[in-house]
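Asker: Dropping the structure in here first, questions after.
Rule-based calculations on the coordinates, nothing more; no lab input. Just so it is clear, the model here is predicted, and its values are computed rather than measured. Backbone-built Cβ (ideal geometry, glycine too); neighbour counts: all protein chains shown.
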Amino acid sequence: MDSMQTKLLSSKPTNLHICHQFTNLCRIKTCAFPVRDDRSFKLVSHQNDSPASQNLIYLPQRRHRHAIATNAHSSAHTYIVDKCGSDQVHSITKQERVGVLLLNLGGPDNLDDVQPFLYNLFADPDIIRLPRLFKFLQKPLAKLISVLRASKSKEAYASIGGGSPLLRITNEQAEALKKALQEKQLHADIYVGMRYWHPFTEEAIDQIKKDHITKLVILPLYPQFSISTSGSSIRVLNDIFREDGYFEGLPISIIESWYQRDGYIKSMADLIQRELLSFPNSDEVMIFFSAHGVPVSYVEEAGDPYKAQMEDCVSLIIHELKSRGVKNSHVLAYQSRVGPVQWLKPYTDELIVELGQQGVKSLLAVPISFVSEHIETLEEIDMEYKELALESGIENWGRVPALNCTSSFISDLASLVIEALPTATAVARARNNNGNDKDESDIMQYVVKMLFGSVIAFFLLFFPRFLSLFRNSSL
């Protein structure tokens, strides 16, 4: 399966080590943004004009970790952000060179890249969340898992052509976004930074520096925020900005989530409505939203807002469809779970079987957390889930394509970038105030390593004896 299926093997996280320390480096301010110099948690999302949200930015301050994953609408701190017209665009960018960094997951270009790609994935501490004292096991564990999973993953990629189409599609989106911005009187350089394969985020940052960008908008191509997707990429940027003096004073705006935007919601509704017409009895089709899953611990322990945002996103799309007279029933499920830990439910595969048993005959799958075709749409949904559905008694199967370069979607992304420009705030390099904590952590890790190594050495030394004892007892 694809990389994103592998967010498992995680111990229960004990804190929010997303990357919102980044807000201490780069205050993302808006037209009415009170800049604070504390360590408050800020989740910034550009909203839309739908009835549910009137183009607002919600900034929930740090609360109890279980409260963070609430719906953005319930935030106690709400700030109005005025839309930027073309006159504002000219005033903002007249003497500046604007850059837009698109963040995405990445994928192997060919079958030889699969194992190293998986290693990069599993080496990410936001994917395999180990306790602090066991961080030294991150890379050895990543190596082991990537080797064990490489064969199965190669089969999946081979079935869709021998590699991931994600980079090609993301580059096409970047080019389309550049043209859309030009049509809106904004000339910007667009960069693509992948988290787990080339071009890596670090490579994009190097090019941004070479091009002498004077204002930067960071746009993850994930509509909903999760600590394992947008959060992981922003954490990498946090590390870069902390160490690289080039970014000191560079105005940067980070768009963490944008699922509520009117353009995105309407673009999704357009695709669903079009696909419904391909069924013989479109009114009887159940709309099956399938989102990528995350372990329940991410939401309940780490405060990941992903589940709440996903449910809100589906609600907004259904509201739009109903306004067009589309009254089909719908469900939301989560795909790509791996391993023994509990993931968000209901599970896509299990729900498909249940719906077949309940007599549902027509199903339209909607990949809701993806804006580009990749392994989880082309192989998991189109092949695995389609086969499962037909075996379960579902007679008519369809799948809504990913947005890719849909013109209305790209145009709205361009508007989002323009609206984000006034919020760009100069980066200030963070001082290292955690020296003592780091020293204590290093000492503890050293002690754990010594104990762990001693235990392993002991078992290796006496293993033959234990093995012989076991054999004798089993005779």
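Asker: Give the residue list of GluC sites (Glu not before Pro) in the stretch 337-416 that are DSSP loop and have at most 12 other beta-carbon atoms within 10 angstrom.
Answerer: Glu395
Asker: Enumerate by residue number the trypsin sites (Lys or Arg not before Pro) in the stretch 197-302 meeting two conditions: DSSP loop (anything except H, G, I, E, B), and at most 11 other Cβ atoms within 10 Å of the site's Cβ.
Answerer: Qualifying residues, ordered by number: none.
Asker: For Phe200, enumerate residues with amide H under 5 Å from its amide H, sequence gap 5+ or separate chain, H modeled in the peptide plane.
Answerer: The answer is Met194.
Asker: What's the FRET efficiency of Asp283 with Gln357 using the Cβ-Cβ distance as r and R₀ = 30 Å, to the nearest 0.05?
Answerer: Rounded to the nearest 0.05, the efficiency is 0.85.
Asker: R0 = 30 Å: FRET efficiency of Gln342 with Leu133, Cβ-based, nearest 0.05?
Answerer: It comes to 0.80.
Asker: How many percent of DSSP beta bridges within the stretch 200-357 run antiparallel, rounded to 5?
Answerer: 10
Asker: For Glu202 and His319 in one chain, what is 0.36 nm times their gap in residues minus the Cα-Cα distance, to one decimal in nm?
Answerer: 38.1 nm
Asker: Next up: Between Tyr334 and residues 5 or more places away or on another chain, which pairs have amide H atoms under 5 Å apart, with H built 1.01 Å from N, and which residues are they?
Answerer: Amide H neighbours of Tyr334: Ala291, Tyr347, Thr348.
Asker: Any idea how far the Cα center of the stretch 346-375 sits from the one of the stretch 378-409, in Å?
Answerer: Cα centres, the stretch 346-375 to the stretch 378-409: 8 Å.
Asker: Give the distance, in whole Å, between the Cα centre of the stretch 264-322 and the Cα centre of the stretch 144-203.
Answerer: 23
Asker: OK, next. Distance cut-off 21 Å, Cα to Cα: go down the list Lys178/Lys210; Lys266/Lys322; Lys327/Lys386; Lys266/Lys327; Lys152/Lys386 and report the pairs above it.
Answerer: The answer is Lys327/Lys386.
Asker: Order of 116-125, 151-160 by packing, highest average Cβ count within 10 Å first?
Answerer: So the order, starting with the most tightly packed, is 116-125, 151-160.
Asker: Please find the FRET efficiency linking Glu350 to Glu96, where r is the Cβ-Cβ separation and R0 is fixed at 41 Å, and quote it to the nearest 0.05.
Answerer: E between Glu350 and Glu96, to the nearest 0.05, is 0.20.
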